[in-house]
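First comes the structure, then the notes that go with it.
None of the figures in this text is laboratory data; all of them are computed from the coordinates on show. All of these numbers come straight from a predicted model, not from anything done at the bench. For neighbour counting, all protein chains shown are included, and Cβ atoms are generated from backbone atoms with ideal geometry for every residue, glycine included.
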Amino acid sequence: MSDLDELYQEVIFDHSKKPRNCRKLEHPTCDAGGHNPLCGDHVHIYLDLDGETIKDVSFEGKGCAISTASASMMTGLLKGKTRDEAQKLIDGFIALVTDEKATAGDELGKLKVFSGVRKFPVRVKCASLAWRTAEAALKREAKEISTE
Ligand code: ZN
């Protein structure tokens, strides 16, 4: 096994057994649900924005180790970021897991290990579910603000 493979196993195992930020926010400014029918993963993302800054972010979900670990690590990364920074991280992660040519951005930290799922199309959906759902939640919030 390569170092990246070993790190991948370790990180996924750790976060799937002890997911971080796995709870419901009582008063989220925006939230969204996501479903990956190919694997049966469900995730719900809660965001609490203070202006443009993500003050708190959490998730609830039921799914495989990869979807849980990805959601757990994503919430840790997005907390404290601005909406624009969050969108860049989301784009960077989606590119990382889908594009062979993508170079892992250092801003993703340990999430770089998810580049290993590129070879497995079903796993790509597991890994990206939380990120796509967070993106949907962020966009919904944007829509609400623009109508005020
Ligand atoms: Zn899955």
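In Å, what Kirkwood hydrodynamic radius results for segment 43-90 from the alpha-carbon pair distances? Could you put the intermediate results ahead of the total?
Details: mean 1/r = 0.0913 Å⁻¹.
After inverting the pairwise mean of 1/r, the radius is 11.0 Å.
If packing is taken as the average number of other Cβ atoms within 10 Å across a peptide's residues, how do 67-76, 90-99, 109-118 rank, most packed first?
On the way: 67-76: 26.0, 90-99: 18.1, 109-118: 19.8.
Those peptides, ordered most packed to least, come out 67-76, 109-118, 90-99.
Segment 21-57: which trypsin sites (Lys or Arg not before Pro) are DSSP loop and have at most 15 other beta-carbon atoms within 10 angstrom?
Answer in residue order: Arg23, Lys24.
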Q. When the convex hull of the Cα atoms of segment 1-81 is projected onto a plane and the area is averaged over all directions, what value comes out in nm²?
A. 6.0 nm²
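Can you tell me the equivalent ellipsoid semi-axes for segment 3-146? Use √(5λ) from the Cα gyration tensor, largest first, whole Å.
Numbers: eigenvalues 109, 52, 38 Å².
Largest first, segment 3-146 gives 23, 16, 14 Å.
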